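Report on one structure; see the data block that follows.
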Amino acid sequence: MLDALLRRHLAGPLAPVAAWLHARKVRGLALTICAFLCAAVAMLDIGHGEYLLGLGLLAAAGLFDLLDGPVARAEGPAPFGAYLDTVLSLTAGAGVAFAFALAEPDRALAAMFLMFGLVARTASDTGAASPIVTGLIGKTEFFVAFAVACLFPQWFSIVAYLVGILCFVSAGSRLAIAAGRT
């Protein structure tokens, strides 16, 4: 829901950075991989209870993720890059939830509920003939939720259940739209 708004507001400031990176032959795919590597290290930090360090790395991952699209568009069509971005983003989202469960195993049920909702949300868009660009929760909302959980780890379970519910509602709305197309 906030992804388009964020990209619209950051398009101007990010355009010169993306152009600078493209001029230096930095590939969009490399930025996608950097985003995932930052998220993977964040998972390790969160799993060890280093929540603020994890949050910093999640913010870095988000910055790389914001830049990979504009740089990739400057390169021309790259279906694999877009696909890889989707796969790695889904993996990172589930991995961060898992990391919170590792840090404190009492959170495992909440983490699994979040992962379950994430799978439902992603699956609801996978089989559509054309992408359904609607939903209550996107990358921006996930980042905000994980940022709140990093700042207030004792709230992780509440955050995870709320985000999981939003994922299920988003999946339901996507299914309703898809059903209306037939």
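The values are calculated or read from the model by the stated rules, or taken from the named source; none is laboratory data. Predicted model, so just to flag it, every value in this text is computed and none were measured. So basically every Cβ, Gly included, is an ideal-geometry build from the backbone, and we count neighbours across all protein chains shown.
Of the candidates T32, T91, the single residue that is over 27 Å from L162 (Cα atoms), in contact (Cβ under 8 Å) with a residue 24 or more places away in the chain, in a helix (DSSP H, G or I) and of a type in the set (S, T, N, Q) is T32. All of D85, D65 fail the test of being buried (at least 22 other Cβ atoms within 10 Å of the Cβ), in contact (Cβ under 8 Å) with a residue 60 or more places away in the chain and over 18 Å from P153 (Cβ atoms), apart from D65. Please verify whether L44 is within 30 Å of P105 (Cβ to Cβ) and in contact (Cβ under 8 Å) with a residue 24 or more places away in the chain, treating the condition exactly as stated. Considered against the rule, which asks whether it is within 30 Å of P105 (Cβ to Cβ) and in contact (Cβ under 8 Å) with a residue 24 or more places away in the chain, L44 comes out as yes. Taken as a whole, region 164-180 holds no residue that is at pLDDT 95 or above, buried (at least 18 other Cβ atoms within 10 Å of the Cβ) and under 14 Å from I46 (Cβ atoms).
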